[in-house]
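Just so it is clear, none of the values below were taken in a lab; they were calculated from the coordinates. Worth saying up front: this structure is predicted, and the values here are computed from it rather than measured. No Cβ is skipped: glycine too gets one built from the backbone with ideal geometry, and neighbour counts run over all protein chains shown.
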Protein chains: 2
Amino acid sequence: MAKDKKLVEQITSMDVDFAQWYTDICKKADLIDYSSVKGCMVIRPYGYAIWENIQKILDGRFKALGHENVYMPMFIPESLLNKEKDHVIGFAPEVAWVTMGGNEPLTERLCVRPTSETLFCEHYANIIKSYRDLPKLYNQWCSVVRWEKTTRPFLRSREFLWQEGHTMHETAEEAREETVRMLNVYADFHEHDLAIPVVKGAKTPSDKFAGAEDTYAIEAMMHDGKALQAGTSHYFGDGFARAFDIKYTTRDNTLAYPFQTSWGCTTRMIGGIIMTHGDDNGLVLPPAVAPIQVVLLPIAAHKNPQVVDVAKELYAKLQKSGIRVKLDDSDQSPGWKYAEYEMKGVPLRVEIGPRDLEAGVCTVVARHNLEKETVALDQIADEIPALLEKVRAGMYEKALANRERRTYACRDMEEIKKVRAEHGDGFIEAMWCGDEACEDKIKEETGVGSRCIPFEQKQIGDVCACCGKPAKHMVLWAVAY
Amino acid sequence: MAKDKKLVEQITSMDVDFAQWYTDICKKADLIDYSSVKGCMVIRPYGYAIWENIQKILDGRFKALGHENVYMPMFIPESLLNKEKDHVIGFAPEVAWVTMGGNEPLTERLCVRPTSETLFCEHYANIIKSYRDLPKLYNQWCSVVRWEKTTRPFLRSREFLWQEGHTMHETAEEAREETVRMLNVYADFHEHDLAIPVVKGAKTPSDKFAGAEDTYAIEAMMHDGKALQAGTSHYFGDGFARAFDIKYTTRDNTLAYPFQTSWGCTTRMIGGIIMTHGDDNGLVLPPAVAPIQVVLLPIAAHKNPQVVDVAKELYAKLQKSGIRVKLDDSDQSPGWKYAEYEMKGVPLRVEIGPRDLEAGVCTVVARHNLEKETVALDQIADEIPALLEKVRAGMYEKALANRERRTYACRDMEEIKKVRAEHGDGFIEAMWCGDEACEDKIKEETGVGSRCIPFEQKQIGDVCACCGKPAKHMVLWAVAY
């Protein structure tokens, strides 16, 4: 296939330097620009359009489950952040502090929200009075700030965009159900819409969210075998409710504390898409969130201008049926266009040349495997949805195969070390006794940390891979982003 | 009409205390809650749903005109803010400064964006190289912070939500066209979707945006006769481009500075909706942005449960046709429900009682004038869109009549003072010589400030109402929010 060398050569190969390849894609696919504030990125139109598509799908799912959107202030007074002990210990070291308003020092400094549990709790204390006020199912789309030392676009930035759900319930059971329900929404969104297979599980106690009783997460494997935590859901019990004195009158006319959850997904998902599906030609986007799902390229219009007319007709048809389609009849060379839309990760490219026209066909190229297919011109508009679904399924299978190929069951430290030495990064499944000391030791000696205790447990022997004592859980271990 | 006294009595009458009436509505219609940070409000689900509807309509219009959404960092380093002289003078006194990241003082303090011209310019300097890169038509939805001394929900808050468009063009003429085009989008959105008549015009030099060559605004009259600036659009010339060294290669292969605009609308619009349309029963929402457009109330279901079935059928029909509809078959009294949905400003209430059912009709009550209409049950679903449009037109007429009744042409200071003494607040149309001293004197002696130089000029004599020298413009004067 013809390629514009100039464009393609600018990307580092993923096998040569995965980190540089990632950064190259972020820049060359026009997803981001750097700003003069370290760790704060400009999300460019093409990157932001991916985020808008993600938002639209997730927002629809949240609302279908009865959640309502709200907006909380971006500032948290220090005294408010301090109200829940574990929470402040977790977050205070990594917040940005506002100390001046105009020319005057503030009497109390304010942090820029790193997460909004404290703000939601302050509000819930005002509005939750009776069991009739429960459940409260709130969500917020906003940006948050965490003053990270090391930063990378999408994966770890000082400011990032996210949604944070915050819910309050009458019973612990209902709150626990909500926690798992929303984890399942995230998992389903990743597997179905982003074509990213995930492992659902619980975080070990050392890795829980600051202030949570339980934290659940979905973990995805990136192309290089490393893990990405792609979404989390927390069960808080009534800890925050007690700290913030949120009480309601129960059905029995007594006073009680409600039970709480929170759950979040961030622009990090875009990093996950890049590292799961991308290749040396650039980005590969799942159809559900691709800003352009189909690009139409009339070829050699100077030989037969009719190719442009036919492309325009097809464009109108596809747009009418809700497909995000682009027609590029600019005077750039076909090679340049191939490279450009491959870099941008457009799922399907439809080429219509003079010979195609004569034969009444067009050529469809799928981005994820670059395979070509000939489709009759009078059927292509109707075929596009099925072709897009085929792309999605193919992307998912490819990612799943990568994960399965790089997942290793290990019985003891020696096996873990051997796998690490022979295969490098990947997911390691190994038993654990539940002792934090073993978790630390495994990390220290083999480099892999506990990612989660998968809901789907396997029995890989019955003793802890580290200490040999009876095992409590199978844990997924990996090096993580 | 039956009313639940308990609910309705909680609002201060607008004629008794307009400011208190406004605050009461913000709270009682569940639009906002106060937070512990002065001037930062919680936007509750009902308030936020109005904002989401506003966003959806405006965002669609921006995109239809070729604008693309982006996301810029929320922090601006002090040195970046300082790059354009007039801009920093205007904004530095009212920004919030971040001085600490975690436990460490920052080497350079960062302000939380009060507006993002400087950030966009920094980015534009990176990406605009050639005339082929122009125009750049970017927009951003985000929150911004201005450290106001006096704050009021929606009208003047330290943090507020908005959109800010930032565009770059090859020629001054194109940029000027864009400035006016976007002002017209705002005006049309207000008049058509929000049913708020506006006056379009230019700001006087003393009232321009910091760094702009020209600022245009739309001014709306609130129910109490005061003015609300409801949207602004700025033409910057190439001032920022020069300050930020943004240069592009022209079609003639020379280097040139591009020409810039910015334009913004904020959550303040929700304050404008409240104060334009609201009454002593509460909020009155324009159908286009009402979270609930139609509420269905089955009446006396204990006498004939069929009223609920019929309401449910109607609910399904309306929802299917894209109407935002709510069915309230709770066991609250009809009086309570009337008061509740009047407070919430739901444009249409449809009541279906046993006697209606027998007669094959229902009763439709329009919120803005509380007029009742009987409609055949087998036609109501089809009639709703036309009834909503009638509401919109009625709300617009009512607001326009208020503005016309309270707009006064004055030839000199005596006439202005007389109008102020006799009629209180309102719009005053009076000629102006263009001298800032006269502008100041009119404000000082009569209390009204210049709101704008309307595009539609009238000739009210030919001398300045203040100094008697030849007049340059007719100016709209008023006390403003």
For region B:292-389, alpha-carbon Rg and Dmax in angstrom: 12.1, 34
In order through region B:81-91: 3J(HN,Hα) via Karplus (6.51 cos²θ - 1.76 cosθ + 1.60), integer Hz, x for Gly, Pro: 4, 6, 5, 10, 4, 5, 5, 5, 4, x, 9
Amide H within-cut-off set for B:Val463, under 5 Å, with H built and near neighbours excluded: B:Ala471
Ratio of the Cα radius of gyration of the protein assembly as shown to 2.2 N^0.38 Å, where N counts its residues: 1.02
Mean Cβ count within 10 Å, highest first, over the residues of peptides B:352-361, A:111-120, A:36-45: A:111-120, A:36-45, B:352-361
DSSP-assigned coil residues among trypsin sites (Lys or Arg not before Pro) in region B:167-270, each with at most 11 further Cβ atoms within 10 Å: B:Arg251
All-pairs Cα distance distribution in chain B, expressed in whole percent, bin size 10 Å: 4, 18, 25, 24, 17, 9, 3, 1, 0
Distant-in-sequence amide H partners of B:Thr151 (H built 1.01 Å from N, under 5 Å): none
Average beta-carbon neighbours from other chains, 10 Å sphere, peptide B:140-151: 3
Protection proxy ranking of A:257-265, B:184-192, A:343-351 - average other beta-carbon atoms within 10 Å, highest first: A:257-265, A:343-351, B:184-192
Farthest toward positive dipole pole in region A:42-134 [+1 Lys/Arg, -1 Asp/Glu at C-beta], among A:Phe75, A:Met100, A:Ile128: A:Ile128
Nearest-first distances (nm) between copies at B:Glu456, label 7 Å from Cα via Cβ: 6.7
Nearest-20 debye value, region A:231-281 charge dipole, Cβ charges on Lys, Arg, Asp, Glu: 280
Filtered GluC sites (Glu not before Pro), region B:1-100: DSSP coil and at most 15 other beta carbons within 10 Å: B:Glu9
³J(HN,Hα), Karplus 6.51/-1.76/1.60, whole Hz, each residue of region B:234-248, x for Gly, Pro: 10, 10, 9, x, 10, x, 5, 4, 5, 5, 9, 6, 8, 10, 9
A:Thr171-A:Ser333 pseudo-label distance in nm [points 7 Å out on the Cα-to-Cβ vector]: 6.9
Inter-part distance where region B:109-131 and region A:357-386 are each reduced to a Cα centre, Å: 42
For region A:418-472 versus region B:387-405, the gap between their alpha-carbon centres in whole angstrom: 69
For region A:176-255 and region A:271-300, distance of Cα centres in Å: 30
Gyration tensor (alpha-carbon) shape descriptor, region A:328-372, a/c threshold 1.5: oblate
Sequence-distant residues sharing a close amide H with A:Gly237 (under 5 Å, placed H): A:Glu213, A:Gln260
Label distances, nm, B:Asp435 versus same residue in remaining copies, Cβ-directed 7 Å point: 9.1
Label geometry 7 Å along the beta-carbon vector: A:Gly468 inter-copy distances in nm: 10.9
Shielding score for A:41-50, defined as the mean number of other chain Cβ atoms within 10 Å: 5
Shape call, region A:357-481: gyration tensor on alpha carbons, a/c limit 1.5: prolate
Normalised contact order of chain B, rounded percent, pairs of Cα under 8 Å and 6 or more residues apart: 14
Inter-chain Cβ neighbour average for residues B:102-110, partner chain, 10 Å: 4
In order through region A:371-378: 3J(HN,Hα) via Karplus (6.51 cos²θ - 1.76 cosθ + 1.60), integer Hz, x for Gly, Pro: 7, 9, 9, 9, 10, 5, 4, 7
